[in-house]
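The values are calculated or read from the model by the stated rules, or taken from the named source; none is laboratory data. Here the structure is a predicted model, which means the values were calculated and not measured. Neighbour counts run over all protein chains shown; Cβ positions are idealised from the backbone, glycine included. All accessible areas refer to the heavy atoms of the entire protein, side chains included, with ligands and DNA or RNA removed. Shrake-Rupley method; radii C 1.70, N 1.55, O 1.52, S 1.80 Å.
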Amino acid sequence: MPALRAAELADIDAMWALRTRAIRHGCRDHYAPEVIGPWSAAPAPLSYPGLVGKGGAVIAQEQGAMLGYAILDVSTGAVDAVFVDPGAGGRGIGKMMLAVLERMAIERGCTHLHLSASLNAVAFYRAAGFVDLRNAVYAHPSGVALDCVEMEKHLSGAG
């Protein structure tokens, strides 16, 4: 089973490269190539150093290789990212990292988590206890419009 550790600022480039691979692989059946191209080519957001620096990011690794990462905005309870390398999918790594984010949120007094799920990830989040709020369109900074589902999960043990 992979080990989990807190992400560090020096990890951001590798995290973003993993995210790019995950989008190109996992989203191809849910989004058109003209959406995936600009979306996956976008640079890491300027918010990543702050989110990582606040201790809201976790990395799954095995034998020194990064298998996935997840980020929580600890000030708002927003799940910013859960990405697993395509070669490591199906092993429960995403579920394991999401559980860590939930514990982080509860420790900080959050009563619920919320996120905008890409279409390929909706079933993953539903299986983790998130519920659909509404279908939405996210205006990605790359200029593309991403269909998504806004979701939330009430946290037991919080409050």
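If you take the residues in region 99-121 that are over 18 Å from residue 39 (Cβ atoms) and touching a Phe, Trp or Tyr at 6+ places or on another chain (Cβ under 9 Å), which one is least open to solvent (accessible area, probe 1.4 Å)? Across region 99-121, the extreme among qualifying residues is 113.
Considered as a group, the residues in region 85-131 that are small (Gly, Ala, Ser) and in a helix (DSSP H, G or I) include one that is nearest to residue 59 (Cα to Cα), and that residue is 94. When 142, 116, 156 are checked against the criterion of being farther than 21 Å from residue 5 by Cα, of a type in the set (S, T, N, Q) and touching a residue at least 60 places away in the same chain (Cβ under 8 Å), 142 stands alone in meeting it.
The single condition among (1) at pLDDT 95 or above; (2) open to solvent by 10 Å² or more (accessible area, probe 1.4 Å) that residue 93 does not satisfy is (2).
Considering region 17-38, and only residues there that are under 13 Å from residue 68 (Cβ atoms) and among the charged types (D, E, K, R), the residue that is most open to solvent (accessible area, probe 1.4 Å) turns out to be 21. Take the conditions (1) more than 13 Å from the chain's Cα centre (by Cα); (2) of a type in the set (S, T, N, Q); (3) outside any strand (DSSP E or B); residue 135 misses just one of them, which is (3). Residues in region 1-56 that are of a type in the set (Val, Ile, Thr), out of contact with any Leu (no Cβ under 9 Å at 6 or more places or on another chain) and under 27 Å from residue 77 (Cβ atoms): 12, 20, 23. Beta carbons closer than 8 Å, at least 6 apart along the sequence or on distinct chains, pair a first residue in region 13-35 that is of a type in the set (S, T, N, Q) with a second that is open to solvent by less than 20 Å² (accessible area, probe 1.4 Å) and part of a helix (DSSP H, G or I) for 20/40.
Across region 36-65, the qualifying residues are those that are free of Cβ contacts under 8 Å to residues at least 12 places away in the same chain and assigned to a loop (DSSP other than H, G, I, E, B), and the one among them that is farthest from residue 146 (Cα to Cα) is 63. For region 66-84, the set of residues classified as in contact (Cβ under 8 Å) with a residue 40 or more places away in the chain and either touching a Lys or Arg at 6+ places or on another chain (Cβ under 6 Å) or open to solvent by less than 10 Å² (accessible area, probe 1.4 Å) (or both) consists of 68, 69, 71, 72, 81, 83, listed by residue number.
Looking at region 76-84, is at least one residue in a loop (DSSP other than H, G, I, E, B) and not acidic (Asp, Glu)?
yes
Would you check if residue 124 is surrounded by 16 or more Cβ atoms within 10 Å (Cβ to Cβ) and within 15 Å of residue 27 (Cα to Cα)? Answer is yes for this residue.
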